[in-house]
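A short worksheet on the structure shown next.
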Amino acid sequence: MTAPLTAEPTLFPPDFVWGVATAAFQIEGAASEGGKGESIWDEFCRRPGAIADGSNGLVACDHVHRLQGDLDLIQSLGVDAYRFSVSWPRVRPGGSGAWSEAGLDFYERLVDGLLARGVAPYLTLNHWDLPLELQASGGWAHRDTVHRFVEYAQGMARRLGDRVRAITTHNEPWVMAMLGHETGIFAPGIKSRAVASQVSHHLLLSHGLALQALRAGGCKADLGIVLNLSPIHPATNSAADRAQARLEDGRLIRWYMDPLFKGSYPDDVLAFLGADAPRVEAGDMQTIHTSMDFLGLNYYSRTVASAGTPWDVHSSGRAVTEMGWEVYPEGLTELLLRLQRDYAVPPLFVTENGGAFKDQIVHGADGSPQVHDIDRRDYIARHIDAVADAMRQGVRMGGYMVWSLMDNFEWASGYAKRFGIVHVDYASQTRTVKDSAHWYRDFVARQKAVRVAHNPQQQAMAPDWAKQAEVTR
Ligand code: IFM
């Protein structure tokens, strides 16, 4: 199959942002350099059996030591934006108290390096690596952590708020709450529904408070949050499966979207939680309901809900990725339409989308290493088409970002699952640009050519980032 291309050349507006994404713990390494503190993931990785291949984030992609080369790699893809996260324990090792100049300096170099290359920095504050010291005093289950997070957000905004294009408070609060505190398969490995619901409330509250504090401090970056969302379909039309789908929809989508955009938790989920529902103080819900400049969503697949026998993904007859996730691009269109229909959303960004597939390094006639990852290329192309479909039906989209720039530490799956459009050989740290990256680079280049052709002013607009880079160089 050849990768389908979006039919209408002008469908994506001139300011549509094409990007690639990563997260600190998954790529940085340099785990104890510059006084960096430990995060809950460092500790979790030491637990026997927690990570499939027994690995950890100590070296990962060694990104901290290879910053300039990796920035060149991003630039070579011609993307508009790079979405990365800051490691809280790298910049403030204990989560409170002293800041690390070495840690802050690393992110200064990262941001300035992006600007110098004409790439807009999209900064995420919390992509799961909570300072371990804060976990010792209760972590996200403890209300104090909310205030430590706001201080952290303010510190980062003071340092980088003048140069980053956007700041995301949290990446995927559902994952942190549910997988980290209810099923316990992610750090910090707690298994309690009551704790998980309190954690989700504190994450949302800290998001709202951080937004208010950053705005009050004059931060000019666009502010938002990133949710992992997928449409939930009942496995059959039975009443039991439909009820199960409704509940899962409530716990994954409405539990986050309703407070953020309507200022209340959904009644059916509160009833389901009963005594496990979170403690909410006066004013919390209004704080969570603070307006945002964008909403990011990470989309990989749909969810099929079944009240009885677990649904077998293979029975759908569709391809699955190496994660066992069904390839279901139309679910993205469905989701985007639903978000815009049910909520007063700001511009939507797909902040992560991509697939883990089995990759093989082969050598070309000239001996150069190559990865012909056709499955990943088609996955990305089909999901971009799904975004285009939503836009044709009126959804206001701000951008699309591939997960991930490069292969990295896939949490409890370790290094075996590769999501990158750039291959990483972990033994030598060699980066090899995969065919999917070549395709994405060419696709983005065509989009840029079209926007210049259809909007000559774009030529004048485009160097906006370059201008900022001049200032910081
Ligand atoms: O690798 C993760 C990322 O950290 C968060 N979103 C999903 C990705 C793939 O599992």
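No lab work stands behind these numbers, since they all come straight from the coordinates. Here the structure is a predicted model, which means the values were calculated and not measured. So basically every Cβ, Gly included, is an ideal-geometry build from the backbone, and we count neighbours across all protein chains shown.
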Per 0.36 nm of contour for each residue apart, how much would the distance between R66 and A102 grow if the chain were fully extended, relative to their Cα-Cα spacing? 11.4 nm
Pairs on different chains or at least eight residues apart, Cα atoms closer than 21 Å: how many lysine pairs in the chain fit? 5
Over the chain - Rg/Rh using Cα atoms and the Kirkwood inverse-distance radius: 0.94
Can you order the peptides 28-35, 149-156 by their average number of other Cβ atoms within 10 Å per residue, highest first? 149-156, 28-35
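Please state the relative contact order of the stretch 70-165 as a whole percent: Cα pairs under 8 Å, 6+ residues apart? It would help to have the intermediate numbers written out before the result.
Numbers: 110 pairs, mean separation 33.9, N = 96.
Rounded, it is 35 percent for the stretch 70-165.
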Using DSSP, restrict attention to beta bridges with both residues in the chain and report what percent are antiparallel, rounded to the nearest 5. 20
Charge dipole of the stretch 336-437 about the Cα centre (unit charges at C-beta), most positive-ward option of F349, Y379, H363: F349
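For S428 and Q286 in the same chain, what is the full-extension length gain: residue separation times 0.36 nm, less their Cα-Cα distance, in nm? Spell out each step's value before the answer.
Working: separation 142, 0.36 × 142 = 51.12 nm, distance 5.06 nm.
Between S428 and Q286, full extension yields an extra 46.1 nm.
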Can you compute the charge dipole magnitude of the stretch 156-257 about its Cα centre, using +1 on each Lys and Arg Cβ and -1 on each Asp and Glu Cβ, nothing else charged? Give it in debye, rounded to the nearest 20. 340
Charge tally in the Cβ shell below 12 Å around R148, where Lys, Arg are +1 and Asp, Glu are -1, R148 excluded: -1
Could you check the spin-label model distance between E43 and R158? Points 7 Å from the Cα along Cα→Cβ, value in nm. 2.7
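What order do you get for 335-342, 250-257 when each peptide is scored by the mean count of other beta carbon atoms within 10 Å, highest first? Mind dumping the intermediate values first?
Details: 335-342: 18.0, 250-257: 22.5.
In descending order of packing, they fall as 250-257, 335-342.
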At 37 °C and a viscosity of 0.692 mPa s, what translational diffusion coefficient does Stokes-Einstein give for the stretch 228-299, taking Rh as the Kirkwood radius over Cα pairs? Give it in µm²/s as a whole number. 242
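Please find the FRET efficiency linking H314 to R341, where r is the Cβ-Cβ separation and R0 is fixed at 30 Å, and quote it to the nearest 0.05. Let's see the in-between values first.
Details: r = 32 Å, r/R0 = 1.05.
In this case the efficiency is close to 0.40.
Roughly speaking, what is the stretch gain from S192 to A453, that is 0.36 nm per residue apart minus the C-alpha to C-alpha distance, in nm to one decimal?
Working it through step by step, the gained length comes to 88.4 nm.
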Any chance you could check the Cα centroid distance between the stretch 331-362 and the stretch 159-216 for me, in angstrom? 20
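By the gyration tensor of its Cα atoms, with a ≥ b ≥ c the square roots of the eigenvalues, what is the shape of the stretch 196-353: rounded for a/c under 1.5, prolate for a/b over b/c, or oblate? Before the final figure, lay out the partial values.
Numbers: a/c = 2.46, a/b = 1.47, b/c = 1.67.
Oblate is the answer for the stretch 196-353, as a/c is 1.5 or above yet b/c matches or exceeds a/b.
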